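Report on the following structure.
Laboratory data are not the source of any read-out in this text; all were calculated from the coordinates shown. Keep in mind it's a predicted model, so treat the numbers as computed, not measured. Cβ placement follows ideal geometry from the backbone for every residue including glycine, while neighbour counts extend to all protein chains displayed.
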Amino acid sequence: MKSKLQTPIIIVNFKTYLEATGRKAVELAKQAEKVSKETGAYIVVVPQFADISSVAEAVKIPVFAQHIDPIKSGSHTGHVLAESIKEAGAVGTLINHSERQLKLADIDTAIRLAREKELISCVCANNPSVSAAAAALKPDIVSIEPPELIGTGVAVSKAQPEVVTNTVKLVRGVNTEVTILCGAGISHGEDVAVALKLGTQGVLVASAIVKAKDQYSILRKFADATKR
C-alpha cells in the first residue's frame, strides 16, 4: 500500500556520502525520525540501495530509493528494479535526479512502474519547462533543482526565486494535484521558509544535512521552518 504523502515535506537525499553510508545511514535516519516525532514534520530519507533494508527496519518514517530503472524483471544486470526497492522497504523513489538523469520516455516508464508498484514517485527537474513536462506525466512529486546550485550552499529559493515561482505557475497549469518541491543549495531553516512562501510544498535537501557536524540541529531547524 502506497504511503500517503503529507505536506510540507522534507526529503533528505543521502547520495553516496560516507557520512550517510552503512551504519551512519541508519544513525542519520534515526535522527530524522527523532526530529519528525518532536516537531510533527513529515521527513523522508533516501539512502543508498544497499542501506534501504537496514534503514527501513530501523525507522518508521518513509524511506525512498535514489533511483529506479525503467525496466521489468529479467536480464538487466546492474539495474534497479522497482520491485526490489519495495521489497527492501522503500515506499517511494527519486526519478531523474540531476546526477542520475533519464530520457523523457524513460521518466514516463519509471513513473508508471512506480505507480504500478504503489511507490511514490518524485521526479527531479532542472528548470520550469522540464518541471512542467514531468508534471504532465502525473508523478506524485516534482522537485525543481537547478544543477548549478546543487551542493553550493546557495539556495535556489533565494538566488533564483523566479525559477521557483515560474515552476509553480507552469506545473499548476498542467497538473493541479502534484506536490511541488524545490532543492539545490537549501542550507538554512530560512531557505525552507522562503521556499514554502514561494508556493512550494517542501524541499529536497542533501549535503546541508548529511555533511553537517550536527545533523540533528540542522534537521530540527529545517523542520521548525515548515511550521512557521
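Just to verify a number: FRET efficiency for LYS60 and THR176, C-beta to C-beta distance, R0 = 41 Å, to 0.05? Numbers along the way, then the final one.
Numbers: r = 31 Å, r/R0 = 0.75.
With R0 = 41 Å, the Cβ-Cβ based efficiency is 0.85.
For ILE120, the residues whose amide H sits under 5 Å from its own are SER3, GLY92, THR93, ignoring neighbours fewer than 5 places away on the same chain, with H placed 1.01 Å from N.
Each part reduced to its alpha carbon centroid, segment 1-58 and segment 172-228 end up 15 Å apart. Here the 3J(HN,Hα) profile of segment 52-69, calculated from phi with Karplus coefficients 6.51, -1.76 and 1.60 at θ = phi - 60°, is 4, 4, 5, 5, 5, 6, 8, 10, 9, 6, x, 10, 10, 8, 7, 5, 10, 8 Hz, Gly and Pro shown as x. Among ARG23, ARG112, ARG100, a tally of other beta-carbon atoms within 10 Å of each Cβ gives an order, fewest to most, of ARG23, ARG100, ARG112.
Over all other residues within a Cβ to Cβ distance under 13 Å of GLU33, the charged ones net out to +2, with Lys and Arg as +1 and Asp and Glu as -1.
On full extension of the chain, what length is gained from GLU116 through ALA50, given 0.36 nm per residue of separation minus the C-alpha to C-alpha distance?
21.5 nm
Using helices alone, I'd like the mean residue ellipticity at 222 nm for the chain: each DSSP H run of four-plus residues gives -39500 (n - 2.57), total over residue count, nearest 500. Show your work: numbers first, answer last.
Values: 10 runs with 94 residues, N = 228.
Calculated at 222 nm, the ellipticity per residue is -12000 deg cm²/dmol.
Here the Karplus relation 6.51 cos²θ - 1.76 cosθ + 1.60, evaluated at θ = phi - 60°, turns the backbone of segment 28-44 into coupling constants of 5, 4, 5, 5, 5, 5, 4, 5, 4, 5, 6, 10, x, 5, 8, 10, 10 Hz, with x for every Gly and Pro.
If R0 is taken as 35 Å, the Cβ-Cβ distance between LYS213 and GLN101 corresponds to a FRET efficiency of 0.65.
Please report, in debye to the nearest 20, how large the charge dipole of segment 9-225 is about its Cα centre when each Lys and Arg carries +1 at its beta carbon and each Asp and Glu carries -1 there. Mind showing how you got there, number by number?
On the way: 23 positive and 23 negative charges, 34 e Å.
The calculation lands at about 160 debye.
When each of the peptides 131-141, 8-18 is scored by the mean number of other C-beta atoms lying within 10 Å of its residues, the order from highest to lowest reads 131-141, 8-18.
Sorting HIS76, HIS97, HIS188 from the fewest to the most surrounding beta carbons within 10 angstrom yields HIS76, HIS188, HIS97.
Each residue, GLU162 and GLU27, gets one label point 7 Å from its Cα in the Cβ direction; the gap between the two is 4.4 nm.
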